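Take a look at the structure set out below.
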Amino acid sequence: MEHRLADRVRALGGPVAVAYSGGADSALVLAAAARVLGPEQVLAVTAVSESLADGELLAARRLADDLGVTHLTPRTHESALPGYRANGPDRCYFCKSEVLDTIAALAHEHGFETVATGTNADDAADPYRPGIRAGRERGIRTPLLDAGLTKAEVRRLSRHWSLPTWNKPATPCLASRVRYGIEVTPYRLARVDRAEAAVRTLLAEAGLQVTDLRVRDLGDRARVEVDPALVSRAAALPALGEVLAAAGFAALPHQVEPFRSGRLNTEP
């Protein structure tokens, strides 16, 4: 597994810019590139916009610093794209196009002609990944996918290398919390971000350690999704409605249900 990934990184053929979200997948690509090519041959680029959850950038910067890799954080403007704001099932295509175009242009300015992402073998098998098409159209490299690494293998190798992201829960962009067909706006994204942070704090104060947490904006209501074992206890917290209201969901009812990744992809 480790050797397969190293071979795919060498096959990149030289300096590489990594589209680096700070999640487990892109962190492993960044670490592998730094190990195989040397930190000076690697550029980490994290796109910053309203869709990036608060706190993610700081954690990403820490790891890049630990790896000795230069880390750039350009602003992206996907919210200016009608296709992104319309929030159809192809929203991720427009977002990823903006992000990758921005990263590629910045990488070129710094002498890096190759851009790689953390797309893994499981991602490629998921029918709800329009962002992957944007990468293919732009010739973006995918060393994890090329090495055949699944998410489980990404976590296993990350743990072997003592990367702090080895067990980090998936943290997709905040727009993924908004039901398709509801316009994505900076206000909605900020509201979801505030709500998730507040609910996580509330659960921790109640002694409930949550791994996966989402606050979904369903238009007419908010849905809090947590680990299945925590649903009944989270729903029973008297202050849950208060923290959601303070975050911006005051006029909407809420429900608490088990977390399921990609749930909005399969709902009408």
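The values are calculated or read from the model by the stated rules, or taken from the named source; none is laboratory data. Quick caveat: nothing in here was measured; it's all calculated off a predicted structure. Quick reminder, even Gly has a Cβ in these numbers, built from the backbone with ideal geometry, and neighbours come from all protein chains shown.
Listing for the model above:
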read-out: Residue 156 within 23 Å of residue 66 (Cβ to Cβ), over 17 Å from the mean Cα position of the chain (by Cα) and either in the same structural domain as residue 84 (by TED's automatic domain parsing) or part of a loop (DSSP other than H, G, I, E, B) (or both); value: yes
read-out: Residues of the range 250-261 classified as among the hydrophobic types (A, V, I, L, M, F, W, C) and either in contact with a Phe, Trp or Tyr (Cβ under 8 Å, 6 or more places away or on another chain) or in contact (Cβ under 8 Å) with a residue 12 or more places away in the chain (or both), total; value: 3
read-out: Unmet criterion (only one of (1) more than 30 Å from residue 83 (Cβ to Cβ); (2) out of contact with any Phe, Trp or Tyr (no Cβ under 7 Å at 6 or more places or on another chain)) for residue 247; value: (1)
read-out: Residue 246 assigned to a helix (DSSP H, G or I) and farther than 22 Å from residue 181 by Cβ; value: yes
read-out: Residue among 237, 264 that alone is part of a helix (DSSP H, G or I) and either touching a residue at least 12 places away in the same chain (Cβ under 8 Å) or at negative phi (or both); value: 264
read-out: Residue within the range 252-264 that is closer than 22 Å to residue 172 by Cα, hydrophobic (A, V, I, L, M, F, W, C), at pLDDT below 95 and surrounded by 13 or more Cβ atoms within 10 Å (Cβ to Cβ) present; value: yes
read-out: Single match in 199, 231, 215 (criterion: within 19 Å of residue 55 (Cβ to Cβ), part of a helix (DSSP H, G or I) and β-branched (Val, Ile, Thr)); value: 199
read-out: Candidate set: the range 207-219, residues that are more than 15 Å from residue 258 (Cα to Cα) and loosely packed, with under 15 Cβ neighbours inside 10 Å; chosen: the one modelled with the lowest pLDDT; value: 219
read-out: Conditions (1) surrounded by 17 or more Cβ atoms within 10 Å (Cβ to Cβ); (2) within 18 Å of residue 19 (Cβ to Cβ); number of the one not met by residue 101; value: (1)
read-out: Residue count, the range 117-146 (criterion: closer than 15 Å to residue 45 by Cβ and over 15 Å from the mean Cα position of the chain (by Cα)); value: 4
read-out: Candidate set from the range 13-57 (those that are at pLDDT below 95 and more than 14 Å from the chain's Cα centre (by Cα)); member that is nearest to residue 149 (Cα to Cα); value: 13
read-out: Enumeration of residues in the range 52-72 that are within 22 Å of residue 194 (Cα to Cα) and not aliphatic (A, V, I, L, M); value: 54, 55, 56, 61
read-out: Test for residue 180: is it in a helix (DSSP H, G or I) and among the aromatic types (Phe, Trp, Tyr); value: no
read-out: Residue count, the range 171-205 (criterion: free of Cβ contacts under 8 Å to residues at least 40 places away in the same chain, among the hydrophobic types (A, V, I, L, M, F, W, C) and surrounded by fewer than 16 Cβ atoms within 10 Å (Cβ to Cβ)); value: 1
